[in-house]
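Each reported figure results from applying straightforward, stated rules to the coordinates on display, with no laboratory input. These numbers come from a predicted model, not from an experiment. So basically every Cβ, Gly included, is an ideal-geometry build from the backbone, and we count neighbours across all protein chains shown.
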Amino acid sequence: MSFFLLRRPVLLALLIFLVALPAAAAKDEWLPISDDEKRLQEVPGNPGAPAILLYRHVDTDDVEAVEHHYYRIKVLTEEGRKYADVDIPYWKGVLWADDIKARLVRSDGTIAEFQGKIFEKVLAKHKGLNILAKTFTFPEVEVGSILEYRYKMRWDRLRYRAPEWTLDDELFTRRARFSMRPYLEGAMSLRWISYLPGGLKPPKDVGKDRVELEAENIPAFEKEDSMPPEKAVRPRIQFYYTRELDETPDQFWKREGKEWHEIAEQFMKKRKPMEQAVAQTVSPGDAPEAKLRKLYARVQQIRNLSFEELKTEKEEKREKLKDNNNVEDVWTRGYGYRTQINRLFVALARAAGFETAPVRVSERDEYFFIKNLLDWEQLNGEVAHVRVGGQEFYLDPGTVYCPFGLLPSERTGVIGIRLAEDGGSFIKTPEPEPEQGLIRRKAVLKLDAEGGLEGTLEIVYHGLEALERRVNNMDEDEAGRRKSLEEEVEASLPAGAEVTLEHATGWEGTEEPLQAAFRLAVPGMAAQTGRRMLVPLAVFHATKTHPFEHEKRRFAVYFDYPFQQEDEVTLELPEGYQVETLPQRKATSSNLGAYEMVSTNSGGQLQVRRRIRLNGYFFPLQHYSALRSFYSTVRAGDGEQAVLQVAEVGQR
């Protein structure tokens, strides 16, 4: 398997790559520290860097199902002291961290073995797996200190997957070494694909049962806004095992498709109970799509274990949920995991006479599918494909709150295999549309003589926007959901704005939008200059830093999905003021998207309409210039202001 070490400043951004990014490896002793390492005071070419990764080692033993990790970090500035906090994530029931050792080498050369406590904490829940961490803190860390720690990661051989080496780190890496003893029993062969920039050499065989790679002076990984998943862009070696050295990718995926088909069919092999369940759910006179929608809605009532809040071991033992062996178990017990619920839907749809099959898909929130990489775990999700007359539906009732006809963003526009007895066939799920990521804002605001705004705001979230907020807040109580929405609106306004959620509807819905109503108070929104007042027109975007201001970029531009925003704002002018000038309409339209900002003056009120639509979600580097130009127009339009002046007596 492959794992990685997290430090708190980057924890949230890196959580989803737990199985993708290796950290460091070690033997069972400390390595000597060279005089050069002791003297080093800055990162080459980056004298302000807070710390440097002097040495990193990943030693994977697939035979023993253990991976040794080793890190040696030198603190170079006061900011670098944050690396004293260490989190070692692991997946409950899948991956364990143990044998943690650490020591501090002070700037004067004295050594202090770590004797403190190692704690355990919950980090997150990702796709039905509990992500926890062993965490500890080095005491008395100062500039010049060297932090060393080593540990082991272990896993159940039955849950094995081929490892991946990610070469860079958030810190500049002076030296790194990767090694592996592969599992070669039963005619297994190890193969790999390299994704390395110039200057980094691929792995080499050292004997028939050892693979190694050494690298020096690896630049720190630097993120960009709106970049693809890290696993898709970072330098790495992806390993995989095969029994057939001459097996082509098409042959491999056919073979895997057959195995998935057999497993899925065995789980769904309950025709009569499913026919009885259909009879309880639909009416004979229902139209075909109406039947399908009823089955979809009924299946979504099944308790979804993949999206439930984390439980302690005691809570799990107390509940004593039985494992589901087939779709009848899911139906009668009323609970199941995401894939089990989707298979229940397929079984019910078949019993109702529909042509349907499960589809294994490659979710794009962590990486992009590579056909030549013969790793079955790339297809890590499952949805349902149904044909109704001349229509095709890709459905995902196993995702809570997911509307009929919509897939979660990470399952849109991705490669999959529609399972069949012959191994199935490759498909691509539908691309998301901008209308599926629609947000509508409508505000009625009054501007006072001091430049402050006060009034009401209504926001309606549609499709993927509603789904995202429902899923992200499903474990929150009313106060938590309130806080989430209020903070989102506050982030779009100048500092000091007061936002109060009056009510929100649709949290537990699926088909209908999520709606929220707020009261706003925004002091100092407009600027006064003598007898004039300058009023920003893009109220909810005026202080926003627009993306893509840099002329050059390293990575492609990637969003979760296309989007569309529609704002309607009414600004009531303060008593004694009138409009002196309004900006001209700003607009642009291309295959990338469209933008419009227009304002009108009527009876002491400003009416502002803003529209933006982005048609895609992945833009290769060759399209960056056009995308940057599009956002330059957006930035210019959002920066427009109306000029008010004190009205003459008798004027308004």
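Listed peptides 31-39, 531-539 appear in the order 531-539, 31-39 once ranked by packing, highest mean of other Cβ atoms within 10 Å at the front. One chain, two ends: residue 321 and residue 98. Fully extended at 0.36 nm per residue, the span grows by 77.4 nm beyond their Cα-Cα distance.
Place the peptides 339-349, 406-416 in order of packing, highest mean first, counting for every residue the other Cβ atoms within 10 Å and averaging per peptide.
On the way: 339-349: 27.0, 406-416: 22.5.
By packing density, highest mean first, the sequence is 339-349, 406-416.
Put a dot 7 Å past the Cα of residue 625, heading toward its Cβ, do the same for residue 332, and the two dots end up 6.7 nm apart. Each of 368, 386, 621 was scored by the projection of its Cα onto the charge dipole of the chain, and the greatest displacement toward the positive side belongs to 386; charges sit on the C-beta of Lys, Arg, Asp and Glu.
Let me know the number of lysine pairs in segment 37-145 closer than 19 Å at the Cα, not counting same-chain pairs under 8 apart. Total qualifying Lys-Lys pairs in segment 37-145 comes to 17. You can think of it this way: the chain between residue 142 and residue 355 has 70.1 nm of extra reach, that is 0.36 nm per residue less the Cα-Cα gap.
Let me know the charge dipole size of segment 249-431 about its Cα centre in debye, to the nearest 20, where only the beta-carbon of Lys, Arg (+1) and Asp, Glu (-1) is charged. Don't skip to the end; give the middle numbers.
Details: 29 positive and 30 negative charges, 132 e Å.
It comes to approximately 640 debye.
In terms of the ratio Rg/(2.2 N^0.38 Å) built on C-alpha atoms, what value belongs to segment 228-286? Don't skip to the answer; put the middle values down first.
Numbers: Rg = 20.8 Å, N = 59, 2.2 N^0.38 = 10.4 Å.
Computed over Cα atoms of segment 228-286, the ratio equals 2.01.
The GluC sites (Glu not before Pro) of segment 453-533 that DSSP puts in a loop, and whose beta carbon has at most 16 other beta carbons within 10 Å, are 476, 508, 511.
Of the residues 53, 107, 195, the one whose Cα sits farthest toward the positive end of the charge dipole of segment 8-242, with +1 on the Cβ of Lys and Arg and -1 on the Cβ of Asp and Glu, is 195.
Measuring between their Cα centroids, segment 215-232 and segment 574-652 lie 35 Å from each other.
Computed about the Cα centre, the dipole magnitude for segment 8-242 is approximately 620 debye when only Lys and Arg (+1) and Asp and Glu (-1) carry charge, each at its Cβ.
Which whole-number percentage describes the relative contact order of the chain, with Cα contacts under 8 Å and a sequence gap of 6 or more? Relative contact order comes out at 9 percent. From the list (i) 158; (ii) 175; (iii) 198, can you say which value of volume of the Cα convex hull per residue in Å³ was derived from the structure given? Given (i) 158; (ii) 175; (iii) 198, the calculated one carries the label (iii). Between residue 36 and residue 175, the simple label model (points 7 Å from Cα in the Cβ direction) yields a spacing of 0.7 nm.
Rounded to the nearest Å, what's the spacing between the alpha carbon centres of segment 414-445 and segment 501-529? Just the number, please. Spelled out, the Cα-based centre of one part sits 28 Å from the other.
Dipole magnitude of the chain about its Cα centre, charges +1 at Lys/Arg Cβ and -1 at Asp/Glu Cβ only, in debye to the nearest 20? Present the calculation step by step, with values, prior to reporting the outcome.
Values: 93 positive and 105 negative charges, 171 e Å.
The calculation lands at about 820 debye.
Positive end of the dipole of segment 249-431 (Cβ unit charges, origin at the Cα centre): among 295, 413, 284, the Cα lying farthest that way belongs to 284.
What value in Å³ per residue do you get for the convex hull of the alpha-carbon atoms in segment 365-470?
On the way: hull volume 16.6 nm³, N = 106.
Once divided by residue count, the hull of segment 365-470 is 157 Å³.
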